[in-house]
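Read-outs: derived from the displayed coordinates by stated rules, not from any lab. Just so it is clear, the model here is predicted, and its values are computed rather than measured. A quick note on method: Cβ atoms are made from the backbone with ideal geometry, for glycine too, and the neighbour counts reach across all protein chains shown.
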Amino acid sequence: MLRLALIGKDVSLSSSPEIHTFILNRFGVACTYDKISVPPEAFHERAKELLCRYDAFNVTIPFKREIVPYLNGLEGDASVFGAVNTVLSGSGLGYNTDGYGFLLMLENAGLKVKGKSALVLGAGGSGRSCIKKLTDAGAEVFATARTAERLKTVYEEIGGFTPLETVELRPFDLIVNCTGIGMHDTVGQAPSVRFREGLVPVGRQLLSLCSWAVDLIYVPAQSEFLKIAAQLGKRTVNGEAMLFYQAYMADCIILERTPNAAQARAFWEEYKEGKA
Ligand code: NAP
């Protein structure tokens, strides 16, 4: 029986236990999966305990970077992003599967990103991974952030994209909301973007210029950002499938299995059907 957990500031509403249990069951593996909400000041104490108590664990906001000093090393995307969402306690190694989940979500939605132009909103943890994954997959990436300094740091660290201090109204194949605005206490709000005139919430003007609107959030299923895009007849994708696919990849790492995109998609379809 695998002992697993998720640690974050408030993971009380997380569906990770259901998702991981579902995926691991499909692989014929039984598990327990605990949700551990920890205030930032108590993280130090709990991080060490997690490494002893669980075979592996997942890490979410705001501890994806904070966990790094407790680990023996970082693998793959985690070493590029300096942020971890999956830890194997035995080896003490950290992994980041968000980027895998993001690209597979787009691909399975029918969006091939190679050669496409993408505007990424937000330069936090997920903004950084989306920018990197999109550039690596051959998209022409533009990114903008509320705080210019943060965007500059991401540019210096990963490069390969065009940082926009202010956004010009021009067509983009896809616009990706990586700000988290639209969920929790910001339901009904759209992320702000800096135009030459100042910082304003994304609206019809910008979204009318894209073909796809992608939001990493999934509660509510249709954020304000996606609602505006859908009203304009745009293709929309929320982050629910990404959450599932990053969990699938994390479980493949835990079980030392080779991930398979078709299998991940079949599992997702079955999971979704079971929830409907
Ligand atoms: P983060 O590191 O806190 O970054 C958030 C970014 O959004 C920052 O650049 C922040 O700018 C910007 N921002 C905040 N409020 C804004 C506003 N009103 N207008 C414009 N920009 C604003 O968070 P994260 O880790 O990247 O996560 C972002 C969201 O993605 C979260 O909601 C998370 O749940 C979601 N996510 C989903 C998945 C999935 O599997 N579906 C995976 C990862 C993340 P400042 O620097 O100026 O504060």
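Is it the case that region 40-58 has a residue that's under 27 Å from residue 210 (Cβ atoms) and within 17 Å of the chain's Cα centre (by Cα)? No, every residue in region 40-58 fails to be under 27 Å from residue 210 (Cβ atoms) and within 17 Å of the chain's Cα centre (by Cα). Look at (1) more than 26 Å from residue 153 (Cβ to Cβ); (2) outside any loop (DSSP other than H, G, I, E, B); (3) touching a strand residue (DSSP E or B) at 6+ places or on another chain (Cβ under 7 Å) and you find that residue 45 fails only one, number (3). Among the residues making up region 11-26, those that are surrounded by 14 or more Cβ atoms within 10 Å (Cβ to Cβ), not β-branched (Val, Ile, Thr) and not in a helix (DSSP H, G or I) are 14, 15. None of 241, 213, 247 is touching a residue at least 24 places away in the same chain (Cβ under 8 Å), under 19 Å from residue 112 (Cβ atoms) and out of contact with any strand residue (DSSP E or B) (no Cβ under 7 Å at 6 or more places or on another chain) except 241.
Please enumerate the residues belonging to region 190-237 that are buried (at least 24 other Cβ atoms within 10 Å of the Cβ) and polar (S, T, N, Q). Passing the criteria: only 223. Evaluating residue 177 against the criteria (1) within 15 Å of the chain's Cα centre (by Cα); (2) surrounded by fewer than 23 Cβ atoms within 10 Å (Cβ to Cβ) leaves one unmet condition, (2).
Where helices (runs of 4 or more DSSP H) sit wholly within region 83-198, those with at least 3 residues that are under 24 Å from residue 6 (Cα atoms) and either in contact (Cβ under 8 Å) with a residue 24 or more places away in the chain or within 10 Å of the ligand (Cβ to nearest atom) (or both) occupy 98-108, 125-136.
Whether a residue is within 16 Å of the ligand (Cβ to nearest atom) and surrounded by fewer than 16 Cβ atoms within 10 Å (Cβ to Cβ) was assessed, and residue 62 passes this test.
Taking region 84-103 as the range and being touching a Lys or Arg at 6+ places or on another chain (Cβ under 6 Å) and surrounded by fewer than 24 Cβ atoms within 10 Å (Cβ to Cβ) as the test, only 103 passes.
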